[in-house]
Every structure is written in C-alpha cells, then in structure tokens.
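Below you'll find the structure, written out as structure tokens, and then a few comments.
The values are calculated or read from the model by the stated rules, or taken from the named source; none is laboratory data. Remember, predicted model here, so these are calculated numbers, not experimental data. All Cβ positions, glycine included, derive from the backbone under ideal geometry; neighbour counts span all protein chains shown.
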Amino acid sequence: MRLFAILLTALLLHSPASYAFELFPMVTFFSDQGSKSERFYQVSNTSGQPLPLEIFVKQRYISGQESEQLIDSDDFFVFPPQALIQPGKTQMVKVKYIGEPAKISKSYRIIFSQLPIKDNATKNSIKMLFQIGALVFVSPNHVQNSVTAKITYQDGIPSQMQVTNQGTGVIVIPKLSFSVTSDHASHTWKWQDIKHLFNRQFLVPGEIASIAVDSLLSSQDNSASVTITAE
C-alpha cells in the first residue's frame, strides 16, 4: 500500500508534456448524493499510438502531517472501467459516487492507468507506463469549516506555521489569508505570498500542513499569533 502511494507520487512528478495522455479535470468536488455525485472526466491520447487505459479508485487516508495512504475502494461506479483510445482521440469517463452517505468530507484518487501494449515491430511490450491520479473530494450537504494556524519556535526563532483542518469539510488553502501579529510587527500573507512554501492546496478533516516561516519572520517576532480569514 505504501509502495503504491510512493510510486503514484513519483509518476505525478513527471512533466505533463511527458505523459502519454492528458486528463481533465485533475481536482473534483463531489456531493455524496444528488446530481453533484456524478462527474465526467476527459482523457485525451496525445501520443502516436493506441492508448489502453484502466480506471480504478483508491481512497486517501491522511492523518496529521503523514503522507497519504491509498486503499482500494468500491465507493464509485466508473464507466467504462477500461478503454482503448486511438491517437489524437478523446474518451469521456463517467464517475459516480455510490458509497455510504458521508458524515465528513472524504478524499479519493481516481486513477487512470496506462496498460502495456505490444510493439509489433519489436515484439516487446512498452515498458514506460503512466498513471495519473485525479484528486477527488466527497462531502455531505452540510459541513462545518474550521481551520486554525499557529507559529512554532525553535531556539526562540520562528520556525514553522502549522495549519490544521479541525472541521468536517475540505479547506482550500488558496482561499485563506493569514494575519500574523507579534510583539514586533504585523504581517498579512495571502496565497500568492506563500504558495511556494506549501506542498498542497487542500486539507481534509484532521490534516495538517506546515510551512517554514524563517524567511518571513525574524527573531524579534516573539509570541506571534495567527488569525485566518476566508476570502
């Protein structure tokens, strides 16, 4: 399970130009019931060869600052579960949430995985295969959004800001503004100011994101507190 998560992360770090296919959208918000429990994905074969694909679902489990763990899930109906897309063509894939009603927001990856094909000229199977894991969030109709942030210190110097999702919904970090007040000064950080410090844009319930703030605060910024405003 952990190996799968590592391999998937490695594949997602490739430049999009190197993919054998393109996927849209990459991030989707589902409701656990009703019309918004169903979405469509567009897969485009950008290669010069037929593209066989398999589509399956993994549920994401994240606790605190740990890396995501991916577990097999049958909470979605996917059609078609496999496809053969000709060069330059596009395939639409229907995905519908059919799991239990959600009490809090949950997260999944819809994984589009290239299958091996045999090259008739060399009689060998293509070895370089790609997977793209679209990020999915499923939420009930009513959630409570609650997010907190605090500055931590190391040897009296501001070290990190920890952002914690304490609610039941998904926190979209780019929509937050952070006002930091210390004994020395006041600072306001918007997404464009600190996005280079984050390695994620979304927090599921219970998830924590930390960023280094030593370049943003000085040793004079003692007893700093953080107020968060949603834009």
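Brief remarks on what is shown
- Residue, surrounded by the fewest Cβ atoms within 10 Å (Cβ to Cβ), within segment 34-71, restricted to residues that are β-branched (V, I, T) and part of a strand (DSSP E or B): I71
- Odd one out for V180 among (1) under 30 Å from Y41 (Cα atoms); (2) in a strand (DSSP E or B); (3) not hydroxyl-bearing (S, T, Y): (1)
- Tally of residues being in contact (Cβ under 8 Å) with a residue 60 or more places away in the chain and in contact with a Pro (Cβ under 9 Å, 6 or more places away or on another chain) across segment 203-231: 7
- Qualifying residue in segment 64-71 (condition: of a type in the set (A, V, I, L, M, F, W, C), out of contact with any Phe, Trp or Tyr (no Cβ under 9 Å at 6 or more places or on another chain) and within 28 Å of S105 (Cβ to Cβ)): no
- Residue in segment 87-106 that is among the aromatic types (F, W, Y), without any contact (Cβ under 8 Å) to a residue 24 or more places away in the chain and not assigned by the TED database to the domain that holds R200 present: no
- Residue match in segment 106-121 (condition: surrounded by 16 or more Cβ atoms within 10 Å (Cβ to Cβ), at pLDDT 95 or above, touching a Leu at 6+ places or on another chain (Cβ under 9 Å) and outside any strand (DSSP E or B)): no
- Among residues of segment 135-149 that are part of a strand (DSSP E or B), those with a Cβ under 8 angstrom from a residue that is among the acidic types (D, E), sequence gap 6+ or separate chain, pair up as V138/D32; V138/D75; S139/D32.
- Where A212 falls short, out of the listed (1) among the hydrophobic types (A, V, I, L, M, F, W, C); (2) surrounded by fewer than 14 Cβ atoms within 10 Å (Cβ to Cβ); (3) under 23 Å from Y108 (Cα atoms): (3)
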